[in-house]
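Scroll down for the structure; my scribbles are underneath it.
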Amino acid sequence: MNATATEHSHEEHAEAHEHGMSNAGYIKIAILLAVLTAIEVATYYVDFGALFLPTLLVLMAVKFFIVVSYFMHLKFDSKLFSFSFYAGLVLAVTVYVVMLSSFKFFAA
């Protein structure tokens, strides 16, 4: 391997460490996501009453932000990419809430 290729691979490695997290960081995020998922599953077994849907929507949004920010590395990328993903989340939640409210208001 020549010196240029070695220098290039060292630069890529340094850049990856500059923007990334350690393995322990990813494991902590994975554990947090597992706990949030367990809470979502618990909503099926525990009566949350009127807080059922808002709880699920908030948990969904939190998990989305965590996955997009850390596992997709948007926390370290351009703000334009972050805006695109977050705008998609807002649009999806809006459509979901409108559809659910139409079932509630227009039920026979």
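Just a few scattered comments:
- Working note: Karplus 6.51/-1.76/1.60 with θ = phi - 60° gives region 89-98 the couplings 5, 4, 4, 5, 5, 4, 4, 4, 5, 5 Hz, where Gly and Pro are set to x.
- Karplus-based coupling profile of region 27-32, in residue order and whole Hz: 5, 4, 5, 5, 5, 4, with θ = phi - 60° in 6.51 cos²θ - 1.76 cosθ + 1.60 and x standing for Gly or Pro.
- Within region 39-97, chymotrypsin sites (Phe, Trp or Tyr not before Pro) in DSSP loop having at most 15 other beta-carbon neighbours inside 10 Å: Phe48, Phe76
- Sorting Lys63, Lys104 by the number of Cβ atoms found within 10 Å of their own Cβ, with the fewest placed first, yields Lys104, Lys63.
- Placed amide H near Met21: partners under 5 Å, 5+ positions off or other chain: none
- Within the same chain, lysines fewer than 8 places from Lys75 are excluded, and of the rest, those with a Cα less than 23 Å from its Cα are Lys28, Lys63.
A short reminder: the numbers here are calculations on the coordinates, not readings from a lab. Keep in mind that what you see is a predicted model, and the values were worked out from it rather than measured. Note that we place each Cβ from the backbone using ideal geometry, even for glycine, and neighbour counts take in every protein chain shown.
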